1. At a threshold of 8 angstrom on Cα-Cα distance, excluding pairs fewer than six apart, so keeping six or more, what relative contact order does the chain reach in percent?
2. Between 0 and 90 degrees, rounded to the nearest ten: what's the tilt of helix 145-162 against the longest Cα principal axis of the chain?
3. Under 5 Å between amide hydrogens, which residues at least 5 positions from L33 or on another chain qualify, with H placed 1.01 Å from N in the peptide plane?
4. Longer than 27 Å from Cα to Cα, which of K178/K349; K178/K404; K250/K349; K349/K418 are they? Say none if no pair is.
5. If contacts are Cα pairs under 8 angstrom and at least 6 residues apart, what is the relative contact order of the range 330-464 in percent?
6. Going by average Cβ neighbours within 10 Å, how do the peptides 438-444, 227-233 rank, with the highest at the top?
7. Order 84-90, 165-171, 249-255 from most to least packed using the mean count of other Cβ atoms within 10 Å.
8. Efficiency by 1/(1 + (r/R0)^6): what FRET value for I162 and M61, r their Cβ-Cβ distance, R0 = 30 Å, to the nearest 0.05?
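The values are calculated or read from the model by the stated rules, or taken from the named source; none is laboratory data. These numbers come from a predicted model, not from an experiment. Counting neighbours? That spans all protein chains shown, and the Cβs are built from the backbone with ideal geometry, glycine included. Just the protein is used for accessible areas: all its heavy atoms, side chains included, with ligands, DNA and RNA removed. Shrake-Rupley method; radii C 1.70, N 1.55, O 1.52, S 1.80 Å.
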Amino acid sequence: MSNDGAPHGGAPSGSSTATAAGGDSPEITHKALRSRHVTMITLGGIIGASLFVGSGNVIRMVGPAAVLSYLLGGLLVFLAMRMLGEMAAARPAVGSFMEYARVGLGEWAGYFVGWLYWYFWVGVIAFEAVVGGSLLAGWFPAMPVWLGSVILLLIFTGTNLISVRSFGEVEFWLASVKVAVIVAFLAVGTLFAFGLWPGASFSIPNLWQHGGFAPEGGWAVVSGVAVVIFSYFGTEIAVMAAAESEDPAKGIRQATVTVVWRILIFFVGSILLIVTIVPWNQLPDPDEQAPFVYVFDLFGVPGAEMIMSIVIFTAVCSVLNSGLYSAARMFSALAAEGLAPRIVARKSKNGVPVVAVIASTLGGYAAVFVNFLAPGSGIFDFIMNSAGLVALFVYVFVAITQMKLRSRMSPEERANLKLKIWLHPWLGILVIVAVAGIVVVMLVSDDASRTQVWTSLVAVGVLAVFWPLVRRNLRRRQTPRAAAPATTPTA
């Protein structure tokens, strides 16, 4: 069955129709990912260095109540994913939220959210390549960091160029390593916290004995949400991957329905165990020793630091692999709708957007070499910071688009939705208000957070400058099709 890539209303799922904007929606012709691929991409998509290392900073900033910061951030992401799932289950699209924003709100929305998302992942590709190169240089001192970064970029460019299946297979095994480590940590950590592990004592009181559960106050918990929310970004990759699976609708439902317990178990569960096992104010600086390494040492695991270094390297490779996949699919979807150069939409016989993959990688190479050729110029830091709010922009676009598309549906179409967000439209409004609150918190917290806000707005401003040119190109492209009837998008 052929699935149309755009969420058009009126036509049954699986038909091929023209978009409301007059363009052709990218059709999903290669469904190479199996259910196990989508499941593991979903499970591993949010597990990265931000959990293994960055969680230490959040705990030191908030105290044991960091559990609440992760819980609230996870709730916000879950609601956004549920809204995205409602649209994606009805009309699977490789471009995902960009395509829905374009159909629901207009080409300008697709242009902004699509390009910002691509820009974000190009920055992530560069960042993860630098981190991975640094880890390789630590193991092989004769290897320059830049060489390790380039080698990793080449490897995962090749993985993504071979086929969609090769990407899924590599990500399956990389994610499996991360998931296995988390499961082992949760199992042993629970025994340790209750004093059932050799050499351990009952440590549950650590949750309240060192200044209370929230020693830094309630505002620290809220500030923590502004930090942890970015750790969850990446869950939407599963929705994009499910669109290229054997059963897109089923894969999307599984990805969106299970995200909540994954967040609870992997993130909230891990943080809860750390602050239970170790007094929060005795946790070492993450720059000196990652919290997971410290706790594994307490378990008596030999070679804990080396084991976690390998796990973190695996996590870096996983994010690099999936980031390149996401950037390429979004770039290709933009091109298919006339929002990027048309050549970028070209695909191989295996359905791989070859030009999009290579172009996204070149952006990573450029950022990597800027970092090493001009390390003090601030260019690399600007790239990282200016994409900082993309996650929040995406959540807002998802919420607004879902409310807009739901409002266009007939009662029968609403009844036939395979996946629904509850309490429509109030939970969508809640997501928008929460995002606005996070931005305010970032503006009043510290210089680094304020820098992220303002540099991200600069990136939006640059896109706004080019929008009139893109719009004119779209109008010229659509003129020959003006006589063709267009369907009204509903979902």
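1. Numbers: 832 pairs, mean separation 150.9, N = 491.
Relative contact order for the chain comes out at 31 percent.
2. 40 degrees
3. Residues meeting the amide H criterion: S245, E246.
4. On the way: K178/K349 32 Å; K178/K404 38 Å; K250/K349 25 Å; K349/K418 32 Å.
With Cα atoms farther than 27 Å apart: K178/K349; K178/K404; K349/K418.
5. Values: 93 pairs, mean separation 29.1, N = 135.
Reported relative contact order: 22 percent.
6. On the way: 438-444: 16.9, 227-233: 22.4.
Going from most to least packed, we get 227-233, 438-444.
7. Working: 84-90: 26.9, 165-171: 21.1, 249-255: 22.7.
Sorting 84-90, 165-171, 249-255 by mean packing, highest first, produces 84-90, 249-255, 165-171.
8. On the way: r = 43 Å, r/R0 = 1.42.
E between I162 and M61, to the nearest 0.05, is 0.10.
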